[in-house]
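Undergrad: Please see the structure below; I have some questions.
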Amino acid sequence: MSVPTLKKFYLETVVPELIKVRGYKNPHQVPTINKIVLNSRIDSEADKNWVQEVVKDITIISGQKPVITRAKTSVANFKVRENMPVAVMVTLRGPNMWDFLLRLIAVTLPNIRDFRGVGRKLDGRGSYNLGIADHTIFPEITMEAGRKNIGLDIAIVTTASTDDEGRELLRQLGMPFRTASVPVVKKPDEAKPAAVEAAPVTA
């Protein structure tokens, strides 16, 4: 069985680079991607047909059939009844995980109109969460007239022990993080003294 393209890049390029720049003693200390979880919440008023449509689209996007998670208890305020479908979720590991991440990084995100990068903030434990408001950014999805968009939460779980390690791992793999704006230098002939001010990085 062939090694997924992104995993091969990780083993041959990212691991040696992280050992070099971060001083890991051996390749086993280098953080890696553990799993990727895709989760799509389902509206409490959604019918059975809509739930199956969500399952179908998540299957197309992930390459793996998801599971339907159901409410364990009833919550009247949110119109949730026990055993009602509340989300569609799939956990990717192995080749499916690497293939999905490559498509996300190299194809899906860069093709978003006016795309300027994704936020740099991780979850405090070295893993990254990305919210997708419209699933039609994935080229595998063909939007039909009258259909609603599906929102997605994508959790990229790494073995990194810190956010800094996790961010560097994802950056090396090609995650298009936003960068700080280029500092602006005021012209000498302006009324106020010249100054350099870097714009803050937005998460």
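The values are calculated or read from the model by the stated rules, or taken from the named source; none is laboratory data. Predicted model only: the values in this text are computed from it and were never measured. As a convention, Cβ positions derive from the backbone with ideal geometry for all residues, glycine included, and neighbour counts pool all protein chains shown.
Undergrad: Could you tell me whether any residue of segment 86-109 is crowded, with 16+ Cβ neighbours inside 10 Å and at pLDDT below 90?
TA: Yes, because at least one residue in segment 86-109 is crowded, with 16+ Cβ neighbours inside 10 Å and at pLDDT below 90.
Undergrad: Follow-up. Among (1) at positive phi; (2) in a strand (DSSP E or B); (3) not small (Gly, Ala, Ser), which single condition is residue 114 missing?
TA: Going through the list (1) at positive phi; (2) in a strand (DSSP E or B); (3) not small (Gly, Ala, Ser), residue 114 breaks only (2).
Quick grid of which residues meet (1) part of a helix (DSSP H, G or I); (2) of a type in the set (Asp, Glu); (3) more than 18 Å from the chain's Cα centre (by Cα):
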{"site": "57", "(1), (2), (3)": "yes, yes, no"}
{"site": "91", "(1), (2), (3)": "no, no, no"}
{"site": "99", "(1), (2), (3)": "yes, yes, no"}
{"site": "103", "(1), (2), (3)": "yes, no, no"}
{"site": "122", "(1), (2), (3)": "no, no, no"}
{"site": "142", "(1), (2), (3)": "no, no, yes"}
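Undergrad: Name every residue in segment 144-178 that is assigned to a helix (DSSP H, G or I), surrounded by 13 or more Cβ atoms within 10 Å (Cβ to Cβ) and acidic (Asp, Glu), in order of residue number.
TA: Result: 163, 165, 168.
Undergrad: With (1) in contact with a Phe, Trp or Tyr (Cβ under 9 Å, 6 or more places away or on another chain); (2) loosely packed, with under 13 Cβ neighbours inside 10 Å as the list, and residue 114 as the residue in question, which single condition is left unmet?
TA: (1)
Undergrad: Can you pull out every residue in segment 124-138 that is buried (at least 19 other Cβ atoms within 10 Å of the Cβ), small (Gly, Ala, Ser) and within 12 Å of the chain's Cα centre (by Cα)?
TA: The one that is buried (at least 19 other Cβ atoms within 10 Å of the Cβ), small (Gly, Ala, Ser) and within 12 Å of the chain's Cα centre (by Cα): 127.
Undergrad: While we're looking at this one, here's another question. Within the group 155, 87, 106, 133, which residue is touching a residue at least 60 places away in the same chain (Cβ under 8 Å) and within 17 Å of residue 40 (Cα to Cα)?
TA: None of the others qualify; the one that does is 155.
Undergrad: For the subset of segment 40-55 comprising residues that are of a type in the set (S, T, N, Q) and assigned to a helix (DSSP H, G or I), which member is modelled with the lowest pLDDT?
TA: Filtering first and then ranking leaves 49.
Undergrad: Kindly establish whether residue 77 is in a loop (DSSP other than H, G, I, E, B) and either farther than 23 Å from residue 154 by Cβ or at pLDDT 75 or above (or both).
TA: Considered against the rule, which asks whether it is in a loop (DSSP other than H, G, I, E, B) and either farther than 23 Å from residue 154 by Cβ or at pLDDT 75 or above (or both), residue 77 comes out as no.
Undergrad: Got at least one residue in segment 15-31 being buried (at least 16 other Cβ atoms within 10 Å of the Cβ) and in a helix (DSSP H, G or I)?
TA: Checking segment 15-31: at least one residue is buried (at least 16 other Cβ atoms within 10 Å of the Cβ) and in a helix (DSSP H, G or I).
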